[in-house]
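Participant: Have a look at this one before I ask anything.
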């Protein structure tokens, strides 16, 4: 019986060690994203002043107005064909909750975590060069504003070193192309 207890304790210790090592690997893998979004200088962006997310530098918050409706924006963000037309790069998007996506010719991959048509898209989002299983979270809130919409982006769980690249990357690769597409 004591032999069984010792083997159980050893198994639990090993599992804890594996879990701690796995967390270290996961957080270490977050450091590789800056090359994906490039090294462009941050551009002026309409952000919530003093937003706590932007102060942590491991998450960001942006709010962008569009002339398109929330439903129209939702459809474009979840359509392989339309997203590719917006960005000029291949996209493969399964538009269901749990569905996988690959955008920008495979540079960004992930899964749709939560989808509320015309209102919200939550994705587990990662550059393809991150270690397998390492993701950040991207949340698009789509809010009606007049005849258009405001997209509220909250992107969390990326390395602090990637803040500047992502802060400029979202406008450059999403917001500006989307505005041109809807014009």
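The values are calculated or read from the model by the stated rules, or taken from the named source; none is laboratory data. Everything quoted here is computed from the prediction, not taken from an experiment. With ideal geometry, Cβ positions are generated from the backbone for all residues, glycine too; neighbour counts draw on all protein chains shown.
Participant: Take residue 85 and decide whether it is part of a strand (DSSP E or B) and either under 18 Å from residue 68 (Cα atoms) or at pLDDT below 95 (or both).
Facilitator: Considered against the rule, which asks whether it is part of a strand (DSSP E or B) and either under 18 Å from residue 68 (Cα atoms) or at pLDDT below 95 (or both), residue 85 comes out as no.
Participant: Another one. What number goes with the only condition from (1) assigned to a strand (DSSP E or B); (2) at pLDDT 95 or above that residue 126 does not pass?
Facilitator: (2)
Participant: Kindly indicate whether residue 125 is on the phi < 0 side of the Ramachandran plot and in contact (Cβ under 8 Å) with a residue 40 or more places away in the chain.
Facilitator: No: the conditions fail for residue 125.
Participant: Any residue at all in segment 164-174 that is over 18 Å from residue 78 (Cα atoms), touching a residue at least 60 places away in the same chain (Cβ under 8 Å), buried (at least 20 other Cβ atoms within 10 Å of the Cβ) and within 11 Å of the chain's Cα centre (by Cα)?
Facilitator: Yes; the residues of segment 164-174 include at least one that is over 18 Å from residue 78 (Cα atoms), touching a residue at least 60 places away in the same chain (Cβ under 8 Å), buried (at least 20 other Cβ atoms within 10 Å of the Cβ) and within 11 Å of the chain's Cα centre (by Cα).
Participant: What are the residues in segment 128-154 that are under 14 Å from residue 74 (Cβ atoms) and touching a residue at least 40 places away in the same chain (Cβ under 8 Å), if any?
Facilitator: Answer for segment 128-154, where residues must be under 14 Å from residue 74 (Cβ atoms) and touching a residue at least 40 places away in the same chain (Cβ under 8 Å): 140, 142, 143, 144, 148, 149, 150, 151, 152, 153.
Participant: Which number in (1) more than 15 Å from the chain's Cα centre (by Cα); (2) within 21 Å of residue 105 (Cα to Cα) marks the one condition that residue 149 misses?
Facilitator: It fails just one condition, (2).
Participant: A further question follows. Among the listed residues 127, 159, identify the single one that is under 13 Å from the mean Cα position of the chain (by Cα) and crowded, with 21+ Cβ neighbours inside 10 Å.
Facilitator: 127
Participant: Also, I was wondering about something else. Considering each residue of segment 85-107, count those that are closer than 27 Å to residue 145 by Cβ, surrounded by 14 or more Cβ atoms within 10 Å (Cβ to Cβ) and touching a strand residue (DSSP E or B) at 6+ places or on another chain (Cβ under 8 Å), and give that number.
Facilitator: 6
Participant: Now, a different point. From the list 99, 157, exactly one residue is without any contact (Cβ under 8 Å) to a residue 60 or more places away in the chain and farther than 23 Å from residue 66 by Cα. Which is it?
Facilitator: 99 is the lone residue from the list that is without any contact (Cβ under 8 Å) to a residue 60 or more places away in the chain and farther than 23 Å from residue 66 by Cα.
Participant: Take residue 85 and decide whether it is within 24 Å of residue 165 (Cβ to Cβ) and touching a residue at least 12 places away in the same chain (Cβ under 8 Å).
Facilitator: no
Participant: Turning to a different aspect of this structure: Does any residue of segment 68-77 turn out to be over 27 Å from residue 145 (Cβ atoms), part of a loop (DSSP other than H, G, I, E, B) and in contact (Cβ under 8 Å) with a residue 40 or more places away in the chain?
Facilitator: no
Participant: So residue 180 ticks every box in (1) out of contact with any strand residue (DSSP E or B) (no Cβ under 7 Å at 6 or more places or on another chain); (2) at pLDDT 95 or above; (3) buried (at least 17 other Cβ atoms within 10 Å of the Cβ) but one. Which box is left unticked?
Facilitator: Only one criterion in (1) out of contact with any strand residue (DSSP E or B) (no Cβ under 7 Å at 6 or more places or on another chain); (2) at pLDDT 95 or above; (3) buried (at least 17 other Cβ atoms within 10 Å of the Cβ) is unmet by residue 180, namely (3).
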